[in-house]
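The values are calculated or read from the model by the stated rules, or taken from the named source; none is laboratory data. Remember, it's a predicted structure, so these values are computed and weren't measured experimentally. Here the Cβ is made from the backbone with ideal geometry for all residues, glycine too, and neighbour counts use every protein chain on show. Keep in mind that these areas ignore ligands, DNA and RNA; they rest on the heavy atoms of the full protein, side chains included. Shrake-Rupley method; radii C 1.70, N 1.55, O 1.52, S 1.80 Å.
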Amino acid sequence: MYFMKSILGLFIFLFSVTVFAQDSTSTYKKRVLETTEIDFLVSYYSQDGDNAAVSGGIGTEKLTDFTPTFVVAIPLNADDVLTIDAGVSAYTSASSSNVDPFDSNEPADPYVASSGASASDLWAGGNFNYSHSSDDRNEIVSAKISVSSEYDYFSLGFGGSYTKLFNEKNTEVSVHANVYLDTWKLLYPIEVRDTTSFIGLDKKNRNSYSVGFGFSQILSKNLQGALSVDLVQQQGLLSTPFQRIYFSDLPDRFHENFQLADDIERLPETRFKTAIGGRLNYYLNEVFVLRTYYRYYFDDWGINSHTASIEIPIKITDKFTLYPSYRFYNQTAADYFYPYNIALSTAEFYTSDYDLSEFSANQYGFGINYTDIFAKLQLAKFGLKSIDLKYDYYKRDSGLNYSLISAGFKFIGK
Amino acid sequence: MKKLLLLLTIIILGTLNSCTVIKEYEKVNINDPDMVLGDRPVDRFEVNAQAYREAASGANGGKTGGGCGCN
């Protein structure tokens with residue numbers, strides 16, 4: 001409770017600073033953003049695996065997702081920038097389709113995605129960010145509002161940040177705070193909805209409060225690094241209502257080839273997370289840059305994780321850069337995780353969501369960037385400044401894998 | 001937790017103490033776009049996918065808030 005009050009207090013402070021930090025000077029200064037910039041970003045995601053949480057830890061995890069997004073940054077004056085970020089995510093998911101596996105003409109099977117009405121969905125989201133820089137550009141305050149929605153979920157978010165640069169802009173410290181107020185539409189597995197013995201969830205809200213601190217430092221003409229600490233408190237419905245559980249101490253029941261749920265996943269109503277991260281970037285020479293990242297995470301559900309990544313941008317010409325990258329991730333299991341058909345009905349909390357299991361994952365990426373600093377290629381009143389293309393392949397040692405193709409096009413106003 | 005914060009404080013203070021100030025005209029390499037201490041815009045989808053599939057995400061994204069992430 002004290003943590004939440006502290007975050008709300010910090011949030012109100014940051015918002016107040018943003019609102020009142022208006023300068024009245026009229027002396028010449030370089031604009032924070034010279035002209036309107038538009039980023040069009042798009043991705044295609046394809047996932048597969050055999051540990052679907054919707055069917056209690058077994059079954060297909062097939063999922064495809066197409067996500068077009070626009071990010072528009074508008075300079076309001078020399079100091080202020082408004083950024084609007086809006087996108088949709090259209091997905092087909094075996095997971096959501098098997099909430100009701102019996103709604104298609106084929107026999108229900110956890111390893112086959114149902115082709116019924118619940119097989120696809122649309123997520124839409126956007127956020128508005130307003131930032132203000134001081135005359136000497138050594139202070140930046142920002143505030144943002146975000147909203148997102150899909151069939152069974154709605155989220156409203158507020159946030160603010162304050163950044164201070166000093167030491168001739170060699171050192172930067174920042175603090176940011178965010179509040180997310182989310183609401184579920186409780187959607188249970190089809191077979192439990194009319195069962196008298198099933199006890200539904202009594203909460204449908206999830207609130208998340210976070211505060212983060214950042215510190216970055218230029219260490220030499222070619223080296224700079226950053227450290228960050230993030231603290232997150234969550235409360236409310238932290239489980240997913242349609243994820244099934246099969247108990248080992250109850251008889252298995254089937255309809256067609258599909259095992260009927262003994263219960264749904266049940267998880268505690270609070271969670272406290274801590275993450276500490278660091279970045280170190282080194283400019284090797286005119287061709288190579290070394291970008292490294294490490295993050296340690298722990299929470300009170302028993303999860304510890306390490307993330308380490310390296311990316312080596314290679315400038316092959318003055319317009320083209322290649323981006324080979326590698327990322328390693330591992331985590332321990334949540335205290336409440338049980339594989340398929342292992343949990344006991346006497347336990348208070350249980351889940352068979354393999355995203356909460358112990359695993360290691362490797363990700364390999366390769367990207368290419370084209371930049372034309374003069375943005376010669378015109379489209380209406382905008383010039384094309386850069387194009388990014390990237391491919392990532394991710395594989396867990398527990399079997400899940402995905403491929404991700406991303407593209408980004410940056411246009412600047414002429 | 002206290003030990004970690006103490007370690008971070010020592011690192012930060014040590015870093016501050018050991019650095020010479022780099023002037024603006026000396027920051028050509030530091031200002032290279034690839035030296036930015038953060039993700040590039042096109043990386044947002046990668047970060048989003050990781051937030052959905054891994055338990056160690058922050059407050060926004062994946063199963064932990066700011067979107068469903070239940071698939």
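Assorted remarks:
- Single residue of the stretch A:295-343 satisfying the filter (over 30 Å from A:ALA261 (Cα atoms) and of a type in the set (Asp, Glu)) that is surrounded by the fewest Cβ atoms within 10 Å (Cβ to Cβ): A:ASP318
- Residue match in the stretch A:70-83 (condition: crowded, with 16+ Cβ neighbours inside 10 Å, touching a helix residue (DSSP H, G or I) at 6+ places or on another chain (Cβ under 7 Å) and of a type in the set (S, T, N, Q)): no
- Entry remark, the stretch B:35-62: residues being in contact with a Phe, Trp or Tyr (Cβ under 7 Å, 6 or more places away or on another chain) and modelled with pLDDT under 90 number 4 in total.
- Within the stretch A:376-387, being of a type outside the set (A, V, I, L, M), touching a Gly at 6+ places or on another chain (Cβ under 8 Å) and either more than 19 Å from A:THR36 (Cα to Cα) or surrounded by fewer than 16 Cβ atoms within 10 Å (Cβ to Cβ) (or both) holds for A:LYS376, A:LYS381.
- The stretch B:28-47: number of residues that are part of a loop (DSSP other than H, G, I, E, B), within 7 Å of another protein chain (Cβ to nearest Cβ) and aliphatic (A, V, I, L, M): 2
- Each residue in the stretch A:139-162 was checked for being assigned to a strand (DSSP E or B), open to solvent by less than 20 Å² (accessible area, probe 1.4 Å) and farther than 18 Å from A:ILE84 by Cβ, and 3 of them qualify.
- From the list A:THR351, A:THR371, the lone residue that is under 15 Å from A:PHE320 (Cα atoms), among the hydroxyl-bearing types (Ser, Thr, Tyr) and modelled with pLDDT of 95 or more is A:THR371.
- Checked against (1) surrounded by 15 or more Cβ atoms within 10 Å (Cβ to Cβ); (2) more than 8 Å from chain B (Cβ to nearest Cβ), A:TYR391 meets all criteria but (1).
- Any hit, the stretch A:256-277, residues being under 30 Å from A:SER155 (Cα atoms), of a type in the set (A, V, I, L, M, F, W, C) and open to solvent by 50 Å² or more (accessible area, probe 1.4 Å): yes
- Residues located in the stretch A:236-255, provided they are touching a residue at least 40 places away in the same chain (Cβ under 8 Å) and open to solvent by 50 Å² or more (accessible area, probe 1.4 Å): A:SER248, A:ASP249, A:LEU250, A:ASP252, A:HIS255
Residues are listed down the side, and each one gets a yes or a no for (1) closer than 28 Å to A:LEU250 by Cα; (2) at pLDDT 95 or above; (3) in contact with a helix residue (DSSP H, G or I) (Cβ under 8 Å, 6 or more places away or on another chain):
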position	(1), (2), (3)
A:ALA343	yes, yes, no
A:LEU377	no, no, no
A:LYS381	no, no, no
A:TYR393	no, yes, no
A:ASN401	no, yes, no
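- Selected residue [at negative phi, open to solvent by 20 Å² or more (accessible area, probe 1.4 Å) and outside any strand (DSSP E or B)] from A:THR292, A:THR346: A:THR346
- Condition met for A:ALA94 (touching a residue at least 40 places away in the same chain (Cβ under 8 Å), within 11 Å of another protein chain (Cβ to nearest Cβ) and open to solvent by less than 50 Å² (accessible area, probe 1.4 Å)): yes
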